[in-house]
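Here is the structure we will look at.
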């Protein structure tokens, strides 16, 4: 297989000092995810192909077979099996990675619960696409439908963010014994080439310690039984300990992002507030690549802000509240939904509403972009116009 | 076959006390299996009777590591465990799936086929008791023709033949697969030893006595298991790279009734109006046996 992705962008070499111990490459989002798995020294990749994830596993298989990546790569028989193999290897104490999309994630749903309840640290990439009727385009319904599996979820705005977030996610996963899903947009990210600063692997090593089997791993000399029938009082307590760790995610993720910024020079937060202040009258709320479009549009509106949600699960309630605390009481919030969850409001609205309980803001929901429907600047303009004039509580934009 | 008297377990790998029903085959099977495989073993259990028998939290029957996993996912989970152990240099550790027929013939078949086709270095043990016994005797595709279950009740007894799992497994070109009976313990132990000493994906299918499911007397379990072999309802054979070899050929063929009559699940077959069904079962059994003989001959021709 020809590697046409990792072309060196020699024209930008003069900028190479911007991030020491990095190389600047042009790569698609999917290759950024594969590259991150390599940089994190993943030892096992069970894989099953699905559009638009395929180039992630192709790239990983290529890197493993060429010796560029020291890992075992296994072509599995389904996503259910791929995630179950990831479960097995993680229980064995290995650092594992797999990637999927849409139906693949839906199919693995049962295993997602098991991985989470086994408290297995791992990171996966999901390239968001919705359910049948067949649609391979960008949509977050697949991963949002896994909100309640116990997985941490990050949504990446750019290929750079996908790569950086995966590195941070392994640390978060291994510190809290929780699985993490990093979600990227189909095609807008997965198959779009961007400039990406790729850190040297020894820099990643300084940030992310080597994975070694722990006291809760399979150990021949100290055998254990994992996952047998658990009576109610024990099961209840198990969930309590899970909850105790899950509620630390928000703070821990910020801490890890801070440490990452110190070492790598790029800053991330659970949420990002853009132009949110006392002068702001309307705040768009976005995840993933729609954020980039909205960033461009709001530049000409001094009274419009943007709240980007990067950590989606557990929903960063405190971060959201803090970001919005400076708003005037009559500010309006407008989530832009690239999902449909079978309910009246979209997933962002639902989560925002519980984060906003007790806060005075009015919120109107805007469905735009499900099934990969493009959300260009003009659609963002329409949402702004609608939000400022005569919004319904729930609005579908651009339905012809 | 000469009676053997050196079956005594020398290296006990289970704790005393098991939660199996009286006359169940699982405990006997696992006790011998575990003693032969030794402590350097990781067991992987999909949902099955043995999930319970092996001990609810915090109990454990087996002394080795046990990983309970999802019904459809045992061979895939085992694949991951194998990968982790291999990465850590523990290539000699046995990774062993202990599954029932539902988890093998039905919901786990895809994962089983996948692991077998990848030649994963895994041992797969299927205790075939011919139904979903743990959930209360519901029909699986291993359930014999004519058997009554709670989902084929009364006159709705099962009217289709069970899946030929060993044929499916043979098609995967495995280094070793065999059928075993707890009534032929020496043969069983030899097959386990051979399995242990072979590399790659290996499968043993054991005829699983189940008094509550088969409606039999617990004390008759081994006797009925022996009759299943003697009537050729459960032939004992090995498959090495698609080459079949019968490991036991009964000297005189007992009619199938001799085994079926002890089992309440077949009681209705002995009514006058169902005589043709018994004949069907005999004919199917004869055909299967003759087919196995032909496959054995074929193996000799090719070899």
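At a 10 angstrom cut-off on C-beta neighbours, averaged per residue, how do the peptides A:188-199, A:243-254 rank from highest to lowest? Kindly include the intermediate steps, with their values, before the conclusion.
Working: A:188-199: 20.7, A:243-254: 16.4.
In decreasing order of mean packing, A:188-199, A:243-254 become A:188-199, A:243-254.
Please state, as a whole number in µm²/s, the translational diffusion coefficient that the Stokes-Einstein equation yields for chain A at 4 °C and 1.567 mPa s, with Rh defined as the Kirkwood radius across alpha carbon pairs.
60
For the protein assembly as shown, with equal point scatterers placed on the C-alpha atoms only and solvent neglected, what are the log10 I(q)/I(0) values from the Debye formula at q = 0.08, 0.11 1/Å, to two decimals?
Results for the protein assembly as shown at q = 0.08, 0.11 Å⁻¹ read -0.70, -1.08.
Based on the Cβ-Cβ distance from residue B:9 to residue A:206, what FRET efficiency comes out when R0 is 60 Å, to the nearest 0.05?
Taking R0 as 60 Å, the efficiency between residue B:9 and residue A:206 is 0.70.
Each label point is 7 Å from the Cα along the Cα-to-Cβ direction; what then is the distance between the points at residue B:168 and residue B:252, in nm?
3.8
If you find the alpha carbon centre of segment B:68-139 and of segment B:198-240, how far apart are they in angstrom?
19
What are the principal axis extents of the Cα atoms in segment B:26-302, in Å, biggest first?
63, 50, 31
Quick check: Cα centre of segment A:24-73 to Cα centre of segment A:135-210, how many Å?
First find each Cα centre; the distance between them is then 13 Å.
What is the helix-to-structure angle for B:26-37, meaning the angle in degrees between its Cα long axis and the longest Cα principal axis of chain B, kept from 0 to 90 and rounded to the nearest 10?
40
What percent antiparallel are the DSSP beta bridges of segment B:26-302, to the nearest 5?
Roughly 20 percent of the beta bridges in segment B:26-302 run antiparallel, per DSSP.
Once the piece of chain linking residue A:248 and residue A:279 is laid out straight, how much longer is it, given 0.36 nm per residue of separation minus the C-alpha distance between them?
7.9 nm
Just need the relative contact order of segment B:166-277 here, percent rounded to a whole number, with Cα pairs under 8 Å and 6+ apart.
For segment B:166-277, the relative contact order is 28 percent.
Evaluate Rg over Rh across segment A:160-275, taking Cα atoms for both radii and Kirkwood's formula for Rh.
That ratio equals 1.05.
Quickly work out the residue A:117-to-residue B:291 label distance, labels modelled 7 Å from Cα along the C-beta direction, and quote it in nm with one decimal.
3.9
With angles folded into 0 to 90 degrees, how steeply does helix A:249-264 sit against the dominant principal axis of chain A? Use alpha carbons for both and round to 10.
80
Defining a contact as two alpha carbons under 8 Å apart and six or more residues distant in sequence, what relative contact order in percent does chain B show?
After rounding, I find 15 percent.
Taking just the alpha carbons, could you work out the radius of gyration and Dmax for segment A:271-396, both in angstroms?
Using the Cα atoms of segment A:271-396, the pair Rg, Dmax is 13.0, 36 Å.
With no solvent and one equal point scatterer placed on each C-alpha of segment B:1-128, evaluate the Debye formula and give log10 I(q)/I(0) for q = 0.10, 0.12, 0.20, 0.22 Å⁻¹, two decimals.
Treating every Cα as an identical point scatterer, log10 I(q)/I(0) equals -0.32, -0.45, -1.17, -1.34.
What 222 nm value per residue comes from the helices of chain A, counting each DSSP H run with n ≥ 4 as -39,500 (n - 2.57) and dividing by all residues, nearest 500 deg cm²/dmol?
When only DSSP H runs of four or more count, the value is -11500 deg cm²/dmol.
Please list, by residue number, everything in segment B:25-44 whose backbone N is under 18 Å from a paramagnetic label point 7 Å out along Cα→Cβ of residue A:222.
Backbone N within reach: B:40-42.
Please work out the FRET efficiency for the pair residue A:354 and residue B:92, using the Cβ-Cβ distance as r and a Förster radius of 56 Å; give the result to the nearest 0.05.
So the FRET efficiency works out to roughly 0.60.
Using 7 Å Cα-to-Cβ label points, what is the residue B:284/residue B:151 separation (nm, one decimal)?
Taking the simple label geometry, residue B:284 and residue B:151 are separated by 1.8 nm.
Could you work out the mean projected area of the convex hull around the alpha carbons of segment B:225-303, in square nanometres to one decimal? Provide the component values of the computation, followed by the final result.
Numbers: hull surface 22.9 nm².
Result: 5.7 nm².
Can you list the residues of segment B:150-176 with backbone N under 17 Å from a point 7 Å past the Cα of residue B:274, pointing along Cα to Cβ?
Inside the label zone: B:150-162.
How high is the relative contact order of chain A? Use alpha-carbon pairs under 8 Å, at least six apart in sequence, and give a whole percent. Could you put the intermediate results ahead of the total?
Working: 806 pairs, mean separation 62.6, N = 400.
This gives 16 percent for chain A.
Taking segment A:163-230 as the region of interest, what is the percent of Cα-Cα pairs per 5 angstrom bin, listed from the shortest bin to the one with the maximum distance?
Whole-percent P(r) values from 0 Å outward: 3, 11, 16, 17, 16, 13, 9, 7, 5, 2.
If only Cα atoms are counted, what is the Rg of segment A:7-207, and what is its Dmax, in Å?
Cα radius of gyration and Dmax of segment A:7-207 are 15.8, 49 Å respectively.
Give me the extension gain from residue A:330 to residue A:300: residue separation times 0.36 nm, minus the current Cα-Cα distance, reported in nm with one decimal.
Result: 8.7 nm gained on full extension.
Compute the long axis of helix A:79-91 from its Cα atoms, compare it with the longest principal axis of the Cα atoms of chain A, and write down the angle in degrees, 0 to 90, nearest 10.
Result, in degrees: 60.
Which semi-axes, in whole Å and largest first, does the equivalent ellipsoid of segment A:22-84 have when worked out from the alpha carbon gyration tensor as the square roots of 5 times its eigenvalues?
Equivalent ellipsoid semi-axes, largest first: 20, 14, 9 Å.
Readers should treat all values here as calculations from the given coordinates under stated rules, not as data from a laboratory. None of these values were measured; they are calculated from a predicted model. Positions of Cβ are backbone-derived with ideal geometry, glycine not excepted, and every protein chain shown enters the neighbour counts.
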